[in-house]
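Before any comments, here is the structure.
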Amino acid sequence: MEKVIYLDNAATTAMSDGAIAAMQPYFKGLYGNPSSLHTVGQRAKEELEGFRARIARRLNCDAGEVYFTSGGSEADNQAIRSAAILGSRKGKKHIVTTAFEHHAVLHTLKKLEKEGFEVTYLDVHSNGLVTAEEVKTVLRPDTALVTVMFANNEVGTIQPIAEIGAVCRAAGVVFHTDAVQAAGHVPVDVRAQNIDMLSLSAHKFKGPKGVGVLYCKKGLPLLTFVEGGAQERGKRAGTENLAGIAGMAEALDEAVENMPASSQKIAALRDRLIDGLLKIPHSRLNGDRQSRLPGNVNMCFEGIEGESLLLLLDAKGICASSGSACTSGSLDPSHVLLALGLPHEVAHGSLRLTLSDETTKEDIDYVLKCVPEVVGYLRSISPVWEDLETGKRQHLI
Ligand SMILES: *Cc1c(COP(=O)(O)O)cnc(C)c1O
């Protein structure tokens, strides 16, 4: 592949060399099935439990609270379905969430609504944040679960998780957070942040795809999600993805250890990029500027289509995204930007650039040269822009 500037790290990341190396032994030498009773199997079992302990240490929980899954989507599905169904057995059929969760959460909740659950979708402020107080006001005696994402995958806003967790704990309501964008990028501590259930995914922090974790607090019952063997203490059948788990443990260790230095470096480049892009007339930054992931930039440019912008940037070697990876390709504006209160016309013109510690100042300066050119070109051929400029339509930004 020719040289590209990859600024879509919220969709997935390149693996770290350390994580790739950590996986190697499990393809051939240590290939045993952890359920086998012989030496080769038992050795694999020891390795597996070692990785579980390493990951637990990074989340500040016990190894017995870590369940391996096939990724973030599965962890979200299992956490939410389990808490909902167990709640309903005690007559609790109400769930609280926000309007801008990932589809792994929203689609699971939609299905539960069809099964008779009632879901309250909290509005998100225009800065992409909800408050613990707002969560508190919608809790009811029959609330089984609150699920609020740690950091948003499109606009990068970081919610007040510890406060929301405290509100839930005081009310005796299970609190789940989708921390797929947060883990490895900002400090996550399930005890200090009052989290009962948490989902993470390795490929968002330089680990392999197809492996993740569901943390479930001790004493909180968890329903079996995949039926079959007794793996994951009977909660998730299937021979463990030992190589993937090894890569995830290594990637998480590296991410957490490098976090102080790398988040500072990445945030400085992010700020350079935001400041530069805001010089484009009729542009706006989506999501709170302060409570924001170090690597996230999400902008709207009035009068253009995000998809056209993406394609022209791609032709210049810049990989970006508009909306989330799962929805781009459809022409619907992002549900996240609509939840922030942006009008449809504006939400269509969004651009998400997500940085990694491999992003350089030269990359950012190249993007700052290309985006204004492309936006200018698209506006020059846009009938909507003409109407805006001649005053036939009102500028919304
Ligand atoms: C990527 C992502 C997921 C899905 O994780 P997978 O491992 O790809 O299934 C869930 N939630 C958020 C916020 C994400 O960014």
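Just to verify a result, which residue in the range 159-172, among those that are crowded, with 23+ Cβ neighbours inside 10 Å and among the aliphatic types (A, V, I, L, M), is nearest to the ligand (Cβ to nearest atom)?
The residue in question is 161.
Among the residues of the range 217-234, is any more than 11 Å from the ligand (Cβ to nearest atom) and surrounded by 24 or more Cβ atoms within 10 Å (Cβ to Cβ)?
No, because not a single residue in the range 217-234 is more than 11 Å from the ligand (Cβ to nearest atom) and surrounded by 24 or more Cβ atoms within 10 Å (Cβ to Cβ).
Results for (1) away from the ligand (no atom under 12 Å from the Cβ); (2) surrounded by fewer than 21 Cβ atoms within 10 Å (Cβ to Cβ); (3) without any contact (Cβ under 8 Å) to a residue 12 or more places away in the chain, shown as yes or no for each residue.
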| site | (1), (2), (3) |
| --- | --- |
| 59 | yes, no, no |
| 64 | yes, yes, no |
| 69 | no, no, no |
| 85 | yes, yes, no |
| 88 | yes, yes, no |
| 101 | no, no, no |
| 116 | yes, yes, no |
| 135 | yes, no, no |
| 151 | no, no, no |
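What is the one condition in (1) out of contact with any helix residue (DSSP H, G or I) (no Cβ under 6 Å at 6 or more places or on another chain); (2) more than 12 Å from the ligand (Cβ to nearest atom); (3) open to solvent by 10 Å² or more (accessible area, probe 1.4 Å); (4) not in a loop (DSSP other than H, G, I, E, B) that residue 140 does not satisfy?
(4)
From the list 202, 179, exactly one residue is near the ligand (Cβ under 10 Å from one of its atoms), free of Cβ contacts under 8 Å to residues at least 60 places away in the same chain, of a type outside the set (Phe, Trp, Tyr) and surrounded by 22 or more Cβ atoms within 10 Å (Cβ to Cβ). Which is it?
The conditions single out 179.
Yes or no: residue 33 away from the ligand (no atom under 16 Å from the Cβ), open to solvent by 30 Å² or more (accessible area, probe 1.4 Å), touching a residue at least 60 places away in the same chain (Cβ under 8 Å) and not assigned by TED's automatic domain parsing to the domain that holds residue 370?
Numbers: away from the ligand (no atom under 16 Å from the Cβ): yes; open to solvent by 30 Å² or more (accessible area, probe 1.4 Å): yes; touching a residue at least 60 places away in the same chain (Cβ under 8 Å): yes; not assigned by TED's automatic domain parsing to the domain that holds residue 370: yes.
Yes, satisfied.
What residue, among those in the range 313-351 that are part of a helix (DSSP H, G or I) and small (Gly, Ala, Ser), is modelled with the lowest pLDDT?
As a first pass, look at the range 313-351 and keep what is part of a helix (DSSP H, G or I): 313-315, 335-339, 344-347.
If we keep only those that are small (Gly, Ala, Ser) too, we end up with 315, 339, 347.
Details: 315: 96, 339: 90, 347: 86.
So the residue we want is 347.
Are there any pairs with C-beta distances below 6 angstrom linking a residue in the range 220-232 that is closer than 21 Å to residue 197 by Cα to a residue that is open to solvent by 50 Å² or more (accessible area, probe 1.4 Å), with the two at least 6 apart or on different chains, and if so which?
What qualifies is 222/235; 224/235.
The values are calculated or read from the model by the stated rules, or taken from the named source; none is laboratory data. Since the structure is predicted, the reported quantities are computational estimates derived from the model, not experimental observations. With ideal geometry, Cβ positions are generated from the backbone for all residues, glycine too; neighbour counts draw on all protein chains shown. Just the protein is used for accessible areas: all its heavy atoms, side chains included, with ligands, DNA and RNA removed. Shrake-Rupley method; radii C 1.70, N 1.55, O 1.52, S 1.80 Å.
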